[in-house]
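Student: Pasting in a structure now, in structure tokens, and then I'll have a few things to ask.
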Amino acid sequence: MASQDWFDKDFYAVLGVSKDVSDADLKKTYRKLARQHHPDSNAGDAKAEARFKEISEAYSVLSDAGLRAEYDQLRAMGSGARFTASGAGAQGFDDIFRGFGRGAQRNQSDFDDILGGLFGGSTGRFGQPSGGFGGFGGPTKGGDITANTTLDFLTAIRGDTVGLKMQDGREVKVKIPAGVADGQKIRLKGKGQQSIDGGEAGDLVITVSVRPHPVFERDGLNLRVDVPVTFAEAALGATIEVPTLEGDAVRLKVAAGTPSGRVLRVKGRGVTTPKGTGDLLAEVVVAVPSNLSPAATAALAEFAKATPENPRDELLARARAGR
């Protein structure tokens, strides 16, 4: 504080104690006032914050025996005293307060212990808390920056490092983890806005959009693919080839009488992430030809005669029973 402030401020009045207050009563009073006006208990209250600073300042002086004695001597000189550094033999405040720095150092340990006991944290030098103050008096973290990026389906599945151009002109390299999903957010610590008072930088939060694939669709850690089969293959059974995301094909057996919509599973050919690996789910879709040759038409007509049952008979019967 400025030298003149030691004359202008009555630390005893700030704490509401008498000049002959004991060390024990002084500490008890300070603890009560500090808890009452602490910023953690008065979020956003500027008056409480200012009051807490006054209380802390007063206690830092009066709780040290040597510092308190020096303060009492100065106060005895008169609260209205004014000094200048000009003129022969004039005494400036720097000379008067030369010894105060040593007293403040002696007092620091006890002051830190009390604050630590009150709020569960520790402090650095007076007025510079390093914990337990909810950010009061200490450096603040910079703000987060949000960004968006669009990835190809394969890039999202396999992972890659991409470059993002930020609004402030910076280019940031972003490591995309394997298996990132559409809409997922990636947080890069320390890549956001810089702190205005020396604290840690904010984060860069990136929202990922994934372009659709022409063949595969993601379902959690699984990949889905529709696989068309002919009526004959579904009815008689067959072994078919199914594509995979890696580019090779796997052979799957379609059992005789397989209906459209049945799902065939290929273990371990889905999406791989730290949480695990999914499967490839191949859904059978019976393909109906839109154009038939005369020979095929005749063959199907013969087939229809050979299988006269109506596949909707059971559906109709259940509908009637439910009336």
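Student: Look at Ala104 and say whether it is modelled with pLDDT of 80 or more, surrounded by 12 or more Cβ atoms within 10 Å (Cβ to Cβ) and not in a loop (DSSP other than H, G, I, E, B).
Tutor: no
Student: Let me ask something additional. Are any of the residues in the range 249-264 under 20 Å from Val180 (Cα atoms) and not assigned by TED's automatic domain parsing to the domain that holds Leu154?
Tutor: So far as the range 249-264 goes, no, none of its residues is under 20 Å from Val180 (Cα atoms) and not assigned by TED's automatic domain parsing to the domain that holds Leu154.
Student: With under 39 Å from the mean Cα position of the chain (by Cα), surrounded by fewer than 16 Cβ atoms within 10 Å (Cβ to Cβ) and at negative phi as the only criterion, which of Pro274, Pro289, Pro259, Pro294 stands out?
Tutor: Checking each option against the conditions leaves just Pro274.
Student: Turning to a different aspect of this structure: In the set Val172, Val180, Val227, which member is aliphatic (A, V, I, L, M), touching a residue at least 12 places away in the same chain (Cβ under 8 Å), surrounded by 12 or more Cβ atoms within 10 Å (Cβ to Cβ) and within 29 Å of Ser260 (Cα to Cα)?
Tutor: Val227
Student: Just checking, how many residues over the range 157-182 are under 25 Å from Gly268 (Cβ atoms) and either basic (Lys, Arg) or in contact with an Asp or Glu (Cβ under 7 Å, 6 or more places away or on another chain) (or both)?
Tutor: Of the residues in that region, 3 qualify.
Student: Could you list, in sequence order, the residues of the range 138-156 that are under 23 Å from Gly270 (Cα atoms), outside any helix (DSSP H, G or I) and of a type in the set (A, V, I, L, M)?
Tutor: Within the range 138-156, just Leu151 meets the criteria.
Student: Looking only at the range 183-224, filter to residues that are surrounded by 13 or more Cβ atoms within 10 Å (Cβ to Cβ) and without any contact (Cβ under 8 Å) to a residue 24 or more places away in the chain; which one of those is nearest to Val271 (Cα to Cα)?
Tutor: Checking each candidate, the answer is Glu217.
The values are calculated or read from the model by the stated rules, or taken from the named source; none is laboratory data. As the structure is a computational prediction, the values presented were derived from the model and not from experiment. No Cβ is skipped: glycine too gets one built from the backbone with ideal geometry, and neighbour counts run over all protein chains shown.
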